[in-house]
Amino acid sequence: MTKFADIKGFVFDLDGVITDTSVLHGNAWHQLADSLGVSWNDDLANGLKGISRMDSLEMILKAGHKENDYNQEQKVALATQKNDNYVAEVNKMTPANILPGMKAFLDDLRAKGYQLSLASASKNAPRVLDKLQLADYFPKVVDPANLTHGKPDPEIYTKGAQVLNLDPAQCIGVEDAAAGVQAINAAGEVSLGIGDAHELAAADMVFADTASVTLENIAKKLG
Ligand code: BG6
Ligand code: MG
(Lines give C-alpha, C1' and ligand atoms only; values in the text may rest on other atoms or scores of the structure.)
(Ligands and ions follow the chains in the order given, each with its own letter.)
Protein backbone atom coordinates (compact mmCIF):
# COMPACT_ATOMS: atom_id res chain seq x y z
CA MET A 1 0.00 0.00 0.00
CA THR A 2 1.32 3.42 -1.01
CA LYS A 3 2.35 5.67 1.86
CA PHE A 4 1.95 9.45 1.81
CA ALA A 5 5.74 9.85 1.82
CA ASP A 6 5.95 7.89 -1.49
CA ILE A 7 3.77 10.43 -3.32
CA LYS A 8 5.64 12.75 -5.69
CA GLY A 9 2.97 13.87 -8.13
CA PHE A 10 -0.71 14.59 -8.70
CA VAL A 11 -2.59 13.79 -11.91
CA PHE A 12 -5.67 15.98 -12.10
CA ASP A 13 -8.98 15.65 -13.83
CA LEU A 14 -10.36 19.11 -14.69
CA ASP A 15 -14.13 19.17 -15.17
CA GLY A 16 -15.83 18.81 -11.77
CA VAL A 17 -12.51 18.82 -9.89
CA ILE A 18 -10.82 22.17 -10.50
CA THR A 19 -13.91 23.94 -11.78
CA ASP A 20 -17.58 23.14 -12.12
CA THR A 21 -17.61 22.69 -15.88
CA SER A 22 -19.23 19.29 -15.34
CA VAL A 23 -22.43 21.26 -14.75
CA LEU A 24 -21.90 23.15 -18.03
CA HIS A 25 -21.20 19.91 -19.93
CA GLY A 26 -24.35 18.42 -18.36
CA ASN A 27 -26.49 21.44 -19.28
CA ALA A 28 -25.30 21.40 -22.89
CA TRP A 29 -25.95 17.63 -23.24
CA HIS A 30 -29.33 18.02 -21.53
CA GLN A 31 -30.27 20.68 -24.09
CA LEU A 32 -29.21 18.39 -26.95
CA ALA A 33 -31.04 15.38 -25.46
CA ASP A 34 -34.22 17.48 -25.20
CA SER A 35 -33.92 18.52 -28.83
CA LEU A 36 -33.56 14.83 -29.84
CA GLY A 37 -36.49 13.70 -27.68
CA VAL A 38 -34.27 11.68 -25.32
CA SER A 39 -35.43 11.88 -21.71
CA TRP A 40 -32.84 13.13 -19.24
CA ASN A 41 -32.24 11.81 -15.73
CA ASP A 42 -29.57 11.94 -13.00
CA ASP A 43 -28.17 8.49 -13.80
CA LEU A 44 -27.58 9.48 -17.40
CA ALA A 45 -26.04 12.81 -16.33
CA ASN A 46 -23.68 11.11 -13.83
CA GLY A 47 -22.74 8.36 -16.26
CA LEU A 48 -21.53 10.97 -18.75
CA LYS A 49 -18.99 12.46 -16.34
CA GLY A 50 -15.45 11.87 -17.60
CA ILE A 51 -16.66 10.33 -20.86
CA SER A 52 -15.31 11.68 -24.18
CA ARG A 53 -17.48 13.85 -26.43
CA MET A 54 -18.39 11.20 -29.02
CA ASP A 55 -18.81 8.43 -26.42
CA SER A 56 -21.13 10.77 -24.47
CA LEU A 57 -23.25 11.32 -27.57
CA GLU A 58 -23.45 7.55 -28.12
CA MET A 59 -24.58 7.03 -24.51
CA ILE A 60 -27.33 9.63 -24.92
CA LEU A 61 -28.54 8.17 -28.22
CA LYS A 62 -28.50 4.67 -26.69
CA ALA A 63 -30.52 5.88 -23.68
CA GLY A 64 -33.18 7.04 -26.15
CA HIS A 65 -32.86 3.91 -28.37
CA LYS A 66 -31.73 6.18 -31.18
CA GLU A 67 -28.19 4.89 -31.72
CA ASN A 68 -29.05 3.73 -35.27
CA ASP A 69 -30.98 6.85 -36.28
CA TYR A 70 -27.97 8.97 -37.32
CA ASN A 71 -24.99 8.43 -39.60
CA GLN A 72 -21.46 9.41 -38.57
CA GLU A 73 -21.64 12.81 -40.26
CA GLN A 74 -24.90 13.64 -38.47
CA LYS A 75 -23.43 12.47 -35.15
CA VAL A 76 -20.43 14.76 -35.61
CA ALA A 77 -22.85 17.63 -36.34
CA LEU A 78 -24.79 16.90 -33.12
CA ALA A 79 -21.57 16.76 -31.05
CA THR A 80 -20.43 20.03 -32.63
CA GLN A 81 -23.74 21.66 -31.75
CA LYS A 82 -23.33 20.58 -28.11
CA ASN A 83 -19.72 21.77 -28.10
CA ASP A 84 -20.62 25.19 -29.52
CA ASN A 85 -23.14 25.68 -26.69
CA TYR A 86 -20.58 24.49 -24.13
CA VAL A 87 -17.79 26.73 -25.44
CA ALA A 88 -20.11 29.77 -25.32
CA GLU A 89 -20.48 29.14 -21.56
CA VAL A 90 -16.76 28.47 -21.05
CA ASN A 91 -15.95 31.79 -22.69
CA LYS A 92 -17.81 33.55 -19.84
CA MET A 93 -15.64 31.88 -17.18
CA THR A 94 -13.16 33.71 -14.94
CA PRO A 95 -10.83 32.65 -12.07
CA ALA A 96 -13.91 33.08 -9.81
CA ASN A 97 -15.10 29.77 -11.30
CA ILE A 98 -12.31 27.78 -9.62
CA LEU A 99 -13.96 25.46 -7.09
CA PRO A 100 -13.54 26.30 -3.36
CA GLY A 101 -10.09 25.53 -1.97
CA MET A 102 -8.62 24.33 -5.27
CA LYS A 103 -6.38 27.34 -5.91
CA ALA A 104 -4.96 27.08 -2.38
CA PHE A 105 -4.45 23.32 -2.83
CA LEU A 106 -2.61 23.81 -6.14
CA ASP A 107 -0.45 26.55 -4.60
CA ASP A 108 0.40 24.29 -1.67
CA LEU A 109 1.29 21.39 -4.00
CA ARG A 110 3.56 23.65 -6.03
CA ALA A 111 5.19 25.18 -2.96
CA LYS A 112 5.94 21.72 -1.57
CA GLY A 113 7.49 20.54 -4.85
CA TYR A 114 4.87 18.06 -6.05
CA GLN A 115 4.66 17.60 -9.81
CA LEU A 116 1.34 18.23 -11.51
CA SER A 117 -0.18 16.96 -14.73
CA LEU A 118 -3.62 17.14 -16.28
CA ALA A 119 -5.58 14.06 -17.40
CA SER A 120 -8.80 15.57 -18.70
CA ALA A 121 -10.83 13.89 -21.44
CA SER A 122 -11.80 17.36 -22.66
CA LYS A 123 -10.40 18.84 -25.84
CA ASN A 124 -11.45 22.19 -24.34
CA ALA A 125 -9.16 21.76 -21.30
CA PRO A 126 -6.50 24.28 -22.49
CA ARG A 127 -9.23 26.90 -23.04
CA VAL A 128 -10.74 26.26 -19.59
CA LEU A 129 -7.31 26.46 -17.88
CA ASP A 130 -6.67 29.70 -19.72
CA LYS A 131 -10.00 31.20 -18.55
CA LEU A 132 -9.19 30.18 -14.97
CA GLN A 133 -5.65 31.58 -15.33
CA LEU A 134 -4.26 28.21 -14.25
CA ALA A 135 -2.36 27.25 -17.41
CA ASP A 136 0.99 27.90 -15.66
CA TYR A 137 0.19 25.25 -13.07
CA PHE A 138 -0.14 22.57 -15.73
CA PRO A 139 2.75 22.64 -18.20
CA LYS A 140 2.16 18.87 -18.62
CA VAL A 141 -1.23 18.15 -20.17
CA VAL A 142 -2.16 14.77 -21.66
CA ASP A 143 -3.75 15.50 -25.05
CA PRO A 144 -6.99 13.47 -25.27
CA ALA A 145 -6.77 13.65 -29.08
CA ASN A 146 -3.87 11.16 -28.91
CA LEU A 147 -5.64 8.54 -26.81
CA THR A 148 -6.74 5.16 -28.10
CA HIS A 149 -9.24 4.65 -25.27
CA GLY A 150 -11.17 7.04 -23.05
CA LYS A 151 -11.91 6.72 -19.32
CA PRO A 152 -12.54 4.20 -17.69
CA ASP A 153 -9.53 2.83 -19.61
CA PRO A 154 -6.34 3.65 -17.65
CA GLU A 155 -4.49 5.12 -20.68
CA ILE A 156 -4.96 8.81 -19.82
CA TYR A 157 -3.82 8.33 -16.20
CA THR A 158 -0.89 6.11 -17.23
CA LYS A 159 0.23 8.93 -19.54
CA GLY A 160 -0.40 11.49 -16.78
CA ALA A 161 2.29 9.76 -14.67
CA GLN A 162 4.57 9.19 -17.68
CA VAL A 163 4.75 12.90 -18.57
CA LEU A 164 5.98 13.53 -15.02
CA ASN A 165 8.58 10.74 -15.29
CA LEU A 166 7.01 9.13 -12.24
CA ASP A 167 5.92 5.63 -11.46
CA PRO A 168 2.10 5.43 -11.23
CA ALA A 169 2.43 4.32 -7.60
CA GLN A 170 4.09 7.69 -6.83
CA CYS A 171 0.99 9.56 -8.07
CA ILE A 172 -2.41 10.47 -6.73
CA GLY A 173 -5.12 10.78 -9.39
CA VAL A 174 -7.87 13.29 -8.57
CA GLU A 175 -11.37 12.69 -9.97
CA ASP A 176 -15.07 13.48 -9.58
CA ALA A 177 -16.30 10.72 -11.92
CA ALA A 178 -16.73 6.99 -11.30
CA ALA A 179 -15.27 6.26 -14.76
CA GLY A 180 -12.22 8.35 -13.83
CA VAL A 181 -11.70 6.59 -10.49
CA GLN A 182 -11.82 3.28 -12.34
CA ALA A 183 -9.17 4.60 -14.76
CA ILE A 184 -6.88 5.75 -11.91
CA ASN A 185 -7.17 2.41 -10.11
CA ALA A 186 -6.43 0.47 -13.29
CA ALA A 187 -3.37 2.70 -13.89
CA GLY A 188 -2.01 1.74 -10.45
CA GLU A 189 -2.22 5.23 -8.95
CA VAL A 190 -3.82 6.20 -5.66
CA SER A 191 -7.37 7.36 -6.38
CA LEU A 192 -8.81 10.43 -4.72
CA GLY A 193 -12.51 10.94 -5.42
CA ILE A 194 -14.39 14.18 -4.85
CA GLY A 195 -18.15 13.89 -4.47
CA ASP A 196 -20.64 11.26 -3.42
CA ALA A 197 -19.01 8.46 -1.37
CA HIS A 198 -21.46 5.87 -2.68
CA GLU A 199 -20.95 6.82 -6.33
CA LEU A 200 -17.14 6.91 -5.86
CA ALA A 201 -16.93 3.85 -3.59
CA ALA A 202 -14.07 2.39 -5.67
CA ALA A 203 -11.76 5.29 -4.76
CA ASP A 204 -8.94 4.83 -2.22
CA MET A 205 -10.18 7.98 -0.51
CA VAL A 206 -13.25 10.18 -1.01
CA PHE A 207 -13.75 13.81 -0.04
CA ALA A 208 -17.25 15.27 -0.01
CA ASP A 209 -16.13 18.55 -1.58
CA THR A 210 -13.10 20.34 -3.01
CA ALA A 211 -12.67 22.52 0.10
CA SER A 212 -11.72 19.49 2.19
CA VAL A 213 -9.01 18.34 -0.23
CA THR A 214 -5.79 19.41 1.51
CA LEU A 215 -2.39 17.74 1.85
CA GLU A 216 -2.99 17.44 5.59
CA ASN A 217 -6.28 15.56 5.08
CA ILE A 218 -4.75 13.35 2.38
CA ALA A 219 -1.84 12.47 4.69
CA LYS A 220 -4.33 11.52 7.40
CA LYS A 221 -6.18 9.17 5.06
CA LEU A 222 -3.08 7.64 3.47
CA GLY A 223 -0.97 7.26 6.61
C1 BG6 B 1 -14.70 15.37 -19.55
C2 BG6 B 1 -16.09 15.71 -19.08
O3 BG6 B 1 -13.76 16.01 -18.74
O4 BG6 B 1 -14.51 15.81 -20.90
C5 BG6 B 1 -17.13 15.13 -20.02
O6 BG6 B 1 -16.27 15.16 -17.77
C7 BG6 B 1 -16.84 15.62 -21.44
O8 BG6 B 1 -18.41 15.55 -19.60
C9 BG6 B 1 -15.42 15.23 -21.82
O10 BG6 B 1 -17.75 15.01 -22.36
C11 BG6 B 1 -15.05 15.69 -23.24
O12 BG6 B 1 -15.06 17.10 -23.29
P13 BG6 B 1 -14.96 17.97 -24.62
O14 BG6 B 1 -14.78 19.36 -24.10
O15 BG6 B 1 -13.80 17.47 -25.39
O16 BG6 B 1 -16.25 17.78 -25.35
MG1 MG C 1 -14.45 15.22 -14.13
Looking only at region 1-44, which residues are of a type in the set (D, E, K, R), modelled with pLDDT of 95 or more, open to solvent by 60 Å² or more (accessible area, probe 1.4 Å) and in a loop (DSSP other than H, G, I, E, B)? LYS8, ASP20
Name the residue that is nearest to LYS82 (Cα to Cα), counting only residues in region 45-63 that are more than 16 Å from ligand 2 (Cβ to nearest atom) and buried (at least 16 other Cβ atoms within 10 Å of the Cβ). LEU57
Of GLU175, GLU189, the only residue that is touching a residue at least 24 places away in the same chain (Cβ under 8 Å), closer than 19 Å to ASP20 by Cβ and of a type in the set (Asp, Glu) is GLU175
Residue identified as within 15 Å of ligand 2 (Cβ to nearest atom) and farther than 19 Å from ALA121 by Cβ among VAL213, VAL181, VAL142, VAL190: VAL213
How many residues are part of a helix (DSSP H, G or I) and touching a residue at least 24 places away in the same chain (Cβ under 8 Å) when one looks only at region 48-60? 6
Would you please list the contacts, defined by Cβ atoms under 8 Å and residues six or more apart or on different chains, that run from a residue in region 113-133 that is touching a residue at least 60 places away in the same chain (Cβ under 8 Å) and of a type in the set (Ser, Thr, Tyr) to a residue that is more than 16 Å from ligand 2 (Cβ to nearest atom) and open to solvent by 70 Å² or more (accessible area, probe 1.4 Å)? TYR114/LYS8; SER117/LYS140
Expected output for region 17-41 (first residue within 16 Å of ligand 2 (Cβ to nearest atom), partner open to solvent by 70 Å² or more (accessible area, probe 1.4 Å), Cβ below 8 Å, 6+ apart or cross-chain) is LEU24/GLU89; ASN27/GLU89; ALA28/GLU89
Restrict the check to region 81-98 and report whether at least one residue is under 27 Å from MET205 (Cβ atoms), open to solvent by less than 40 Å² (accessible area, probe 1.4 Å) and not small (Gly, Ala, Ser). yes
Between ALA161, ALA203, which is over 19 Å from ASP20 (Cβ atoms), over 13 Å from the mean Cα position of the chain (by Cα) and in a helix (DSSP H, G or I)? ALA161
Of a type in the set (A, V, I, L, M) and over 24 Å from LYS92 (Cα atoms), is that true of ALA5? yes
Top-ranked residue in region 143-154 [being within 18 Å of VAL190 (Cβ to Cβ) and open to solvent by less than 50 Å² (accessible area, probe 1.4 Å); ranked as nearest to the chain's Cα centre (by Cα)]: LYS151
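The values are calculated or read from the model by the stated rules, or taken from the named source; none is laboratory data. For clarity, every value in this text was computed on a predicted model and none was experimentally measured. So basically every Cβ, Gly included, is an ideal-geometry build from the backbone, and we count neighbours across all protein chains shown. For the accessible areas, the whole protein counts, side chains as well, though only heavy atoms, and no ligand, DNA or RNA atoms are used. Shrake-Rupley method; radii C 1.70, N 1.55, O 1.52, S 1.80 Å.
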